[in-house]
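The values are calculated or read from the model by the stated rules, or taken from the named source; none is laboratory data. Quick caveat: nothing in here was measured; it's all calculated off a predicted structure. Methodologically, a virtual Cβ is constructed for each residue, glycine included, from the backbone with ideal geometry; neighbour enumeration extends over all protein chains shown.
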Amino acid sequence: MIRWSTGALELVLTHSDSAPVRLVALGAPGSTEPTGATQPLVEVLLTGDGRARTGPRLTDTGVGRRMRYASHESGEDDGGSVLVVVQRDGDTGLEVSTRFTGGPQAAAVRAVTTVRNTGREPVVLEAVSTLATGAVLGAGADPRRLRLHTGRSEQVAEFRWSSAPLYGNTGLADSTTDRQTPFGRGAVVATSTSSWSTSRHLPTAVLADDDGGRALAWQVEHSGGWRWEVGDVRTGEDALAVVLTGPTDLDHQWAEQLGPGESFTTVPASVAVAEDGGFDGVLAELTRHRRWLRGRSGTPVEGEPLLVFNDYMNTLDGDPTTERLLPLVAAAAAAGAEAFCIDAGWYDDTGRGFEAWWRSVGEWVPSTTRFPDGGIERVLGEITGRGMRAGLWLEPEVVGVESPVAAPEAQGGLPDAAFLQRYGRRVHDDGRYFLDLRHPAARAHLDACVDRLVGELGVSFFKLDFNVTPGPGTDLGALSPGEGLLAHQRAHLAWLRGVRSRHPHVVVENCASGAMRADFALLELLDLQSTTDQEDFRLYPPVAAAAPGQVLPEQCGNWAYPQAWMSLEEVAFTQVTGLSGRLYQAGRLDQLDASQLRLVHAATALWKADLRHHLVRSVPVRPLGHPLWDGDAVALGLVADGRTVLAVWHRGGADAEIALELPGVRAADLEELYPRVLSPWGVEDDGRSSGSVVLRPGAAGPGARVYEVRAR
């Protein structure tokens, strides 16, 4: 038995001469009881050496069953605790090492697994788990009491968390009885699609006891192919197995050959445990773990979050000119913005609108027709002259089919090998090609563009977008398209690290058609995440309130985009959306009247003076449970140092009552922080439920408020 602790979490692993290493318990240090879990720590599928027990899952692989303990060592690394466990398979000559890393701040660890071929023959990998365990909950726990919390996501409807019983019509079938041999092969499975890693399912999920007790959370940390599954195994004392992987042959057309002496390392994944508190409790641990990982990533981490104004969402919509920008720059500065980002279109000379700028990306040279008097330098100078950082939008990984960069190499374009390819042709999607960042010419092109924009134009904020996907990947120089895509994505991360190393003062936003690539592989390196492209302010609250399940609160770039046609309550509504995370200001501020501007300025002042300092220490809670996409009320609490900042949105009728579950809180503990100048909502104790406070907006929605709740 191996017992290893980070100071906040203890892992217990077992091994024997007749069984592989197994992770049999995770819990509080000093009190963790081993379970009888028999799920191997690592699962490996090889071509020609598949499963030991047939089925569509990633459990019961032949290599996984044959692995045997070889060694382990533990130590310290950069303020964290490290455990490395090595196993070997005598049949294939594979040596597998699993590395756990965790810090004392959170009951969570990151895992990564490396497979090395020590045999004499090459092998072809079809799947390698980062981590697998049957120790889903504590010893003696009843799996039938579990609820599985998962998230679905799509463009303009991101982060839709929900929960359901693990066993039942929407999950696993409890099919084992005294008359049925335990032959079940069912699993709940989530996978990604291409390089929009969060466009369908979220790579984060939670299993929690339905009474709000103990919970286990996990996240796969990759911008491309990933898979997680919860399987009903029913072997030995096992009931369940959780298996976390990067790309697989089955799901992502990934296979990779290892010759003798070669190795492959999986994408990282993390797990977190909370002994009580259910979903909110374990999400708090995962949130603290994410912050710890970012702090030790080796790349610059933005200190105090900037207040950024962006000219895209419901503002200029990708059609910037000097004439349109200058009034917005003045209005943004007056509102207290600390950075101003010129979004898409700034490089387009055709004047043909969206279709032109969409298909012309890639050269990243400022337009002359859009900025005729003094060029874009005049606008950028106006931005910096008013005390703001100058920012630009880039979509670095793609090249429009009309861009000079897409021309044949003989005509000044990049070589064909610098683009993702399949079957000898460039991968094409919606008027764009894709750079292959494995190729030095592709990297050199992007480095030159970024260095020029920073060095010559003084840009110190970039919004990096990614609006198209390349399908399964590239087969150029790869055994499989998935192998090519994985290598490209790892090269992309390396390129980003290089940019951040050369320009540590530059703040970088992550975006992909809103939040279609909001995975922790990118968020570990970048500063903020646009949470959606949703343009209807009434539909935004469920996205903003649910985003901290996947994204750190201080990285949740929630757009606020007031318009002149909005009522004062509607202006406050969209500003509360921004205040619920990292306020990302947009909107036609230059067209607002004095009363509307007063609400905007009050929001920006509150966020800068108070809320952003609270945000960077906070963990999220759900006073109304998971936000409902069509719910009349939505709420999010952010808790730090005994203080809760509470955002509440009202989308119902005039007689609405919003009952919030706030344990230990009374109506007198709530103080309105924003907007204050509008009619206050009624706040009273709920006599029907202990620890519940009722809000009465008193008018039909939309309406929203921000409260401060101080714990007794």
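Quick look at the values:
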read-out: Residue in region 318-333 that is over 30 Å from VAL112 (Cα atoms), outside any strand (DSSP E or B), among the basic types (Lys, Arg) and at pLDDT 95 or above present; value: yes
read-out: Total residues in region 679-702, condition modelled with pLDDT of 95 or more and assigned to a loop (DSSP other than H, G, I, E, B); value: 9
read-out: Subset tally (residues that are aliphatic (A, V, I, L, M) and closer than 25 Å to GLY119 by Cβ) for region 237-268; value: 5
read-out: Candidates GLY62, GLY79, GLY93, filtered to the one that is of a type outside the set (D, E, K, R), surrounded by 15 or more Cβ atoms within 10 Å (Cβ to Cβ), in the same structural domain as VAL128 (by TED's automatic domain parsing) and more than 22 Å from ALA241 (Cβ to Cβ); value: GLY93
read-out: Residue list for region 395-443, filter: farther than 27 Å from TRP254 by Cα, assigned to a helix (DSSP H, G or I) and of a type outside the set (S, T, N, Q); value: PRO404, VAL405, ALA406, GLU409, ALA410
read-out: Yes/no for ARG185 being modelled with pLDDT of 90 or more and either assigned by TED's automatic domain parsing to the domain that holds LEU26 or surrounded by fewer than 21 Cβ atoms within 10 Å (Cβ to Cβ) (or both); value: no
read-out: Residues of region 576-605 satisfying the condition of being within 23 Å of the chain's Cα centre (by Cα), part of a helix (DSSP H, G or I) and under 15 Å from ALA335 (Cα atoms); value: GLY578, LEU579
read-out: Residue that is charged (D, E, K, R) and part of a strand (DSSP E or B), where the choices are ARG705, ARG676; value: ARG705
read-out: Residue in region 140-152 that is modelled with pLDDT of 95 or more, β-branched (Val, Ile, Thr), assigned by TED's automatic domain parsing to the domain that holds GLU256 and at negative phi present; value: yes
read-out: Residues of region 500-531 classified as among the β-branched types (Val, Ile, Thr) and either within 22 Å of VAL619 (Cβ to Cβ) or under 12 Å from the mean Cα position of the chain (by Cα) (or both), total; value: 1
read-out: Of all residues in region 1-38 being surrounded by fewer than 16 Cβ atoms within 10 Å (Cβ to Cβ), modelled with pLDDT of 95 or more and assigned to a loop (DSSP other than H, G, I, E, B), the one that is nearest to the chain's Cα centre (by Cα); value: GLY7
read-out: Given (1) over 25 Å from ALA518 (Cα atoms); (2) surrounded by 21 or more Cβ atoms within 10 Å (Cβ to Cβ), number of the condition GLY455 does not satisfy; value: (2)
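Residues are listed down the side, and each one gets a yes or a no for (1) surrounded by 16 or more Cβ atoms within 10 Å (Cβ to Cβ); (2) among the aliphatic types (A, V, I, L, M):
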residue	(1), (2)
VAL621	yes, yes
LEU636	yes, yes
ASP641	no, no
ALA659	no, yes
ALA667	no, yes
PRO675	yes, no
VAL693	yes, yes
